[in-house]
Each structure stands twice: as C-alpha cells, then as structure tokens.
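Peer 1: Sharing a structure, written as structure tokens. Questions coming.
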Amino acid sequence: MLNIPGPAMRFCDGINRRGFLKVGAFAFGATCFSLTDVYRAEAQQNAASSHKAVINIYLGGGPAHQDMWDIKTEAPVEIRGEFQPIQTNVNGIQIGEVFQRMARVMDKCVVIRSITGCADRHDAVQCLTGWPHDSLRPLGGRPSIGSVLSKVHGPADPSVPPFVGLAAPTQHRPWADAGQTGFLGTPHAPFRPEGPGMADMRLNGVSVDQLGDRRRLMQSFDALRRDIDINGTIQGLDAAQQRALGVLTSSRLLDALDISREPQAVRDRYGDGKPYQYQFDGAPTVNDQLLVARRLVEAGVRCVTLTFGRWDSHGQNFAFMRDHGGKLDQCLSALIEDLDMRGMLNDVTVVVWGEFGRTPRINGGAGRDHWAPVSCCLMAGGGMRTGQVIGATNRLGEIAAQRPVYSGEVIATVYRNLGINPDTVNINDPTGRPQHLASHPALPEVR
C-alpha cells in the first residue's frame, strides 16, 4: 500500500492522512502490490521509447489448427473434418470456412502453419514468454513479453501501466495467466482490471476533488522530518508517491476500460461474444475485450494480454469451432480493421495462438485430442510484411513438413516489432548474469 509512517492526521473531510496514503494499491498478478513500489522500480529505467505495442490473444485449451488456418483438403474425411476451405483476399491463401471476415483482411496478416516444439501442457507459458516451462525456474522463470517491456521501456504514459492483463478468472487457473514476471519480480507484473485493484482505481469512494492539489498534499507531510533524512530516501519516496497519485487522479486508464464511450456501431462490429457457450472450466468468448485492448493501447499501454474462449475440444470439436471460431472471426477482423483505420496497425502487433494443436484424426466423440507436434499462429500488423503463409504441415496435418517455426521465433519477432533487438538486448537475472530475451531469432520472412 501507499503508506507513510508517522502520526495519523485527519483532513477536514474525515479522511486521515494514513488512510489516504493507502488508497491506490494495485493488484498485480496474485499479489497486492503498491504503485509506489512499481514506480520506484521504474525510476531506474531510461525514459520511455516511442509507443509501439502488442496485443497477445491466447486461445486457451489449444485450437484445432486443421479447422482454422490449415484446412487439409487432400486428407480423408476422418481427418479433414467438416469444414471446407475458402479463398482469402490474398491469392493462393485459403483458410477455414468459419473465418469469412478474416478472409477479407488476410493481406494484413501472417499465417504460421508450422509451430513446433510445443509442450503438452494446458497453460500459456510458451505463448507469453517463448521459452520452455522449466527455463530458469530456480531463478523464478522467464519473464513474459509484458514484463520485459515494463523493464526495458517502462510506461509510455506516466498515468497508464505499461502492461495490462485482461484475462478473466477461469476454473482451470493457468488459462487465466496474463503473463508471469519471472525473475524480474512483482514490480513488472500486469495490472489486472478483474482483480481487487479495480476497486482501488476507483479510490474507494474518495473523489478526485477530495484529493485536492497533489503538490500541496505532498508538501503537507511535515511529520516525515525530511531534515533527518541524509541519503535522499524521502525525496525518492515522494517522487514515487506522486506518480502513484498521478495514476489515481488521471481518468486515462479508467476511460480506456470503459467501452460505453465507443459509438454503438463500433461495439456492434466487435460484438460481445455472448451467449457464452462451451466455456466449462475456461474463459468466455470475450469479443469486447479486443475492443478494450485497442482502447488501452491508444491510452498508452504497451502490452495487453487476454484469453479468448476455451478450445479444449475433446468432444464436439466442430460445434466448438463454429461457436468460438465464428465469434473470434468477428472480433479479430474488427480489431485489425479498427487498428488499420486509426493508423495504428504498423505500430501494434497482434498475435493469436494456443498452447498446442489438435489430433489429425477425429475421435469417437466428434472431437480432437491434444497434439503437441504442430500448432498454428496468426500475426497481424507490427510493420511486418504481411499477406503470406509461413511453413506447412504434411498432408494429414501431423507434423511440420516445411519451415518449422518455434514459439521463440514468434516472441523474438514481437520484440523486434516493438523496437527491441532480441539479438543484442539482454536483461540481468538476480545473479547479475545477462539473459537473452528469446530462445530463437526473429522471423526473417516478415522483415
């Protein structure tokens, strides 16, 4: 909490100074962590660079690659399934029939059909970090993209967190992972609007008018006895508090989270993903969170993560895909078009993927089971050379037959799009040893 030791002083509105200072502790990850601590850590970083951003959309549960971007027209029906390919607006690129809207924006996308090296685990670790699950685990693990951006670039706007996780709570908790901080620690965790931090953002009933002039209030803390501070600690503390109060008294973040400020026509284009079906222990189909993500990026957030749907289709795979795929088709195409119309697409990288693929052969319950050997990914924007397909699977969709792509290559490409050279930029771990940001180089095909 934002808390200063010293005698309690009551203001005329009945709020004591100590209570006032406790207002605004954000919920970062699973830990209640104060803005003061965040800003103290960020004060050690260089000034923020130009505002580029990433929206990482995690399809928790693992979507069926051969029913999305890699329809296997030459496979037998027990492998090919129910869907037919449709032509996109890029000559030679076909995708599944569920994605009618995405077919119209394929010139702005990169389809990767040969993601390999996936672990057969139901979590987002590789999609958020690009590293194997056990990498640097004794030191806390590898940090996610958002945490790295928080460390390297800091906030683009002092009143907006650099990293926001929109993932709604799920019964299978790993599907709600917004991104681990790894060895970077709690100061670089995502802000979670779904958590108790949202209540703190609303000041717990304390109005902005009651906060008054921030400079005057900070100067009123005479009991801190700055005259006995001989090492500058108090001055540093004041600076961190002022930044925390800057967030609390700014409407920028709260406004970004409020999609009612968008015209109804824009909200209708994205949809709301309701009714939620096939959710079970996973995430809902949160179409409107993609609109929130765009608004957050506009407000200055560098990394937004969210989990869309629950794709673990051991049964009823094709019903799953018609529901989840159709809703994703609507909101994802709307996001890409929206970013493009607003002149943001070259600066914002959109990544859409899950933890692994699904079995080529359809099981007795009309479902597809886990398939780690190959998966898929769709990327858009980020200044990349789009309108292309990278890699291919064999005739049955079993393995990467051409150009295997590792998750680390996707993550390295995101860093490069964000202005961070993954080949030269390192971050020191707690032992002082420099660590690479990605396990593989960025994709040369999209330069």
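Peer 1: Can you find even one residue in region 374-395 that is assigned to a loop (DSSP other than H, G, I, E, B) and within 18 Å of residue 146 (Cα to Cα)?
Peer 2: Quick first cut of region 374-395, residues assigned to a loop (DSSP other than H, G, I, E, B) only: 374, 382-387, 391, 394-395.
Now restrict to residues that are within 18 Å of residue 146 (Cα to Cα): 382.
Among the residues of region 374-395, at least one is assigned to a loop (DSSP other than H, G, I, E, B) and within 18 Å of residue 146 (Cα to Cα), which makes the answer yes.
Peer 1: Further, regarding this structure: Look through 255, 222 and report the one residue that is within 18 Å of residue 191 (Cβ to Cβ), surrounded by fewer than 20 Cβ atoms within 10 Å (Cβ to Cβ), of a type in the set (Asp, Glu) and at pLDDT below 95. Full working, then the answer.
Peer 2: Values: 222 fails: within 18 Å of residue 191 (Cβ to Cβ).
Matching residue, one of 255, 222: 255.
Peer 1: Which residue pairs have Cβ atoms under 7 Å apart, sit 6 or more places apart or on different chains, and have a first residue in region 239-267 that is closer than 21 Å to residue 330 by Cβ and a second that is at pLDDT 60 or above and surrounded by fewer than 16 Cβ atoms within 10 Å (Cβ to Cβ)?
Peer 2: Pairs found: 261/255.
Peer 1: Oh, and also: Of the residues 309, 300, only one is surrounded by 16 or more Cβ atoms within 10 Å (Cβ to Cβ), among the small types (Gly, Ala, Ser), closer than 30 Å to residue 69 by Cα and at pLDDT 95 or above; which? So that I can check it myself, show each step before the final result.
Peer 2: Working: 300 fails: closer than 30 Å to residue 69 by Cα.
From the options 309, 300, the qualifying one is 309.
Peer 1: What number of residues within region 82-136 satisfy the criterion of being on the phi > 0 side of the Ramachandran plot and of a type in the set (A, V, I, L, M, F, W, C)?
Peer 2: Going residue by residue through region 82-136, those that are on the phi > 0 side of the Ramachandran plot are 92, 117, 130, 136.
Add one more test, that the residue is of a type in the set (A, V, I, L, M, F, W, C), and what stays is 136.
Count: 1.
Peer 1: Let me ask another. Within region 291-310, work out how many residues are in a loop (DSSP other than H, G, I, E, B), in contact with a Phe, Trp or Tyr (Cβ under 9 Å, 6 or more places away or on another chain) and closer than 27 Å to residue 253 by Cα. Step through it out loud before you land on a result.
Peer 2: Kept after step one, since they are in a loop (DSSP other than H, G, I, E, B), are these residues of region 291-310: 300-302, 308-310.
Filter again for in contact with a Phe, Trp or Tyr (Cβ under 9 Å, 6 or more places away or on another chain), leaving 301-302, 308-310.
Keeping just the survivors that are closer than 27 Å to residue 253 by Cα gives 301-302, 308-309.
Going through region 291-310 one residue at a time, the tally reaches 4.
Peer 1: Quick one: would you say residue 87 is surrounded by fewer than 19 Cβ atoms within 10 Å (Cβ to Cβ), within 18 Å of residue 352 (Cβ to Cβ) and among the polar types (S, T, N, Q)? Give the derivation first.
Peer 2: Details: surrounded by fewer than 19 Cβ atoms within 10 Å (Cβ to Cβ): yes; within 18 Å of residue 352 (Cβ to Cβ): no; among the polar types (S, T, N, Q): yes.
So residue 87 fails the test.
Peer 1: Which residue out of 348, 286 is touching a strand residue (DSSP E or B) at 6+ places or on another chain (Cβ under 6 Å), of a type in the set (A, V, I, L, M, F, W, C) and over 24 Å from residue 71 (Cα atoms)? Talk me through it step by step, then tell me what you get.
Peer 2: Values: 286 fails: touching a strand residue (DSSP E or B) at 6+ places or on another chain (Cβ under 6 Å).
After ruling out the rest, the residue left standing is 348.
Peer 1: OK, next. Could you tell me whether region 413-435 includes any residue that is closer than 25 Å to residue 175 by Cα, surrounded by fewer than 22 Cβ atoms within 10 Å (Cβ to Cβ) and either in contact with a helix residue (DSSP H, G or I) (Cβ under 9 Å, 6 or more places away or on another chain) or aliphatic (A, V, I, L, M) (or both)?
Peer 2: Looking for residues that are closer than 25 Å to residue 175 by Cα, surrounded by fewer than 22 Cβ atoms within 10 Å (Cβ to Cβ) and either in contact with a helix residue (DSSP H, G or I) (Cβ under 9 Å, 6 or more places away or on another chain) or aliphatic (A, V, I, L, M) (or both), one finds none in region 413-435, hence no.
Peer 1: Of the residues in region 321-374, how many are farther than 21 Å from residue 98 by Cβ and among the aliphatic types (A, V, I, L, M)?
Peer 2: Selection size over region 321-374: 6.
Peer 1: Still on this structure: Tell me, yes or no, whether region 94-107 has at least one residue that is modelled with pLDDT of 95 or more, among the basic types (Lys, Arg) and not in a loop (DSSP other than H, G, I, E, B).
Peer 2: Taking region 94-107 as the starting set, the residues that turn out to be modelled with pLDDT of 95 or more are 94-107.
Next cut, among the basic types (Lys, Arg) only: 101, 104.
Now narrow it down to the ones that are not in a loop (DSSP other than H, G, I, E, B): 104.
Checked region 94-107: at least one residue is modelled with pLDDT of 95 or more, among the basic types (Lys, Arg) and not in a loop (DSSP other than H, G, I, E, B).
Peer 1: How about region 71-110: which of its residues are β-branched (Val, Ile, Thr) and farther than 27 Å from residue 170 by Cβ?
Peer 2: First, the residues of region 71-110 that are β-branched (Val, Ile, Thr): 71, 73, 77, 79, 86, 88, 90, 93, 95, 98, 105, 110.
Scanning region 71-110 gives 71, 73, 77, 79, 86, 88, 90, 93, 95, 105, 110.
Peer 1: So, of the residues in region 164-184 that are modelled with pLDDT under 95 and small (Gly, Ala, Ser), which turns out to be nearest to residue 429 (Cα to Cα)?
Peer 2: Among them, the one singled out is 167.
Peer 1: Against the definition (crowded, with 24+ Cβ neighbours inside 10 Å, at pLDDT 95 or above and of a type outside the set (Lys, Arg)), how does residue 341 come out, yes or no?
Peer 2: no
Peer 1: Okay, moving on. Among the residues of region 374-396, write down those that are of a type outside the set (S, T, N, Q), surrounded by fewer than 18 Cβ atoms within 10 Å (Cβ to Cβ) and closer than 20 Å to residue 358 by Cβ.
Peer 2: Hits for region 374-396 are 392, 395, 396.
Peer 1: Now for a different question. Can you tell me which residues in region 402-444 are part of a helix (DSSP H, G or I) and not β-branched (Val, Ile, Thr)?
Peer 2: Here is the first cut: in region 402-444, the residues part of a helix (DSSP H, G or I) are 407-417, 444.
Result: 407, 408, 409, 412, 415, 416, 417, 444.
Peer 1: Here's a follow-up. Take the residues in region 105-132 that are among the polar types (S, T, N, Q) and over 21 Å from the mean Cα position of the chain (by Cα), then tell me which one is farthest from residue 147 (Cα to Cα).
Peer 2: 114
Peer 1: List the residue pairs whose Cβ atoms are under 7 Å apart, where the first residue sits in region 378-395 and is over 19 Å from residue 91 (Cα atoms), the second is small (Gly, Ala, Ser), and the two are 6 or more positions apart or on different chains.
Peer 2: 393/114; 393/400; 393/401; 394/401; 395/75
Peer 1: What number of residues within region 112-130 satisfy the criterion of being among the hydrophobic types (A, V, I, L, M, F, W, C) and farther than 21 Å from residue 304 by Cα? Even if it seems obvious, please write down each step before you answer.
Peer 2: Start the filter on region 112-130 by keeping residues that are among the hydrophobic types (A, V, I, L, M, F, W, C), which leaves 112, 115, 118-119, 124-125, 127-128.
If we keep only those that are farther than 21 Å from residue 304 by Cα as well, we get 112, 115, 118-119.
Qualifying residue count for the region: 4.
Peer 1: Let me ask something else. Which numbered condition in (1) more than 24 Å from residue 55 (Cα to Cα); (2) of a type outside the set (A, V, I, L, M, F, W, C); (3) in a loop (DSSP other than H, G, I, E, B) is the only one that residue 138 fails?
Peer 2: (3)
Peer 1: Something else now. Would you mention how many residues in region 113-151 are farther than 16 Å from residue 355 by Cβ and of a type in the set (D, E, K, R)?
Peer 2: Total meeting the criteria: 3.
Peer 1: Those residues that are within 21 Å of residue 178 (Cα to Cα), outside any helix (DSSP H, G or I) and touching a helix residue (DSSP H, G or I) at 6+ places or on another chain (Cβ under 7 Å), I need them from region 311-353; list them, please.
Peer 2: Within region 311-353, 311, 348, 349, 350, 351, 352, 353 meet the criteria.
Peer 1: Mind checking which pairs have a first residue in region 419-447 that is over 23 Å from residue 154 (Cβ atoms) and in contact (Cβ under 8 Å) with a residue 40 or more places away in the chain and a second that is of a type in the set (D, E, K, R) and buried (at least 17 other Cβ atoms within 10 Å of the Cβ), Cβ under 7 Å, 6 or more apart or different chains?
Peer 2: Listed pairs, sorted by first residue: 440/409; 443/409.
The values are calculated or read from the model by the stated rules, or taken from the named source; none is laboratory data. These numbers come from a predicted model, not from an experiment. Backbone-built Cβ (ideal geometry, glycine too); neighbour counts: all protein chains shown.
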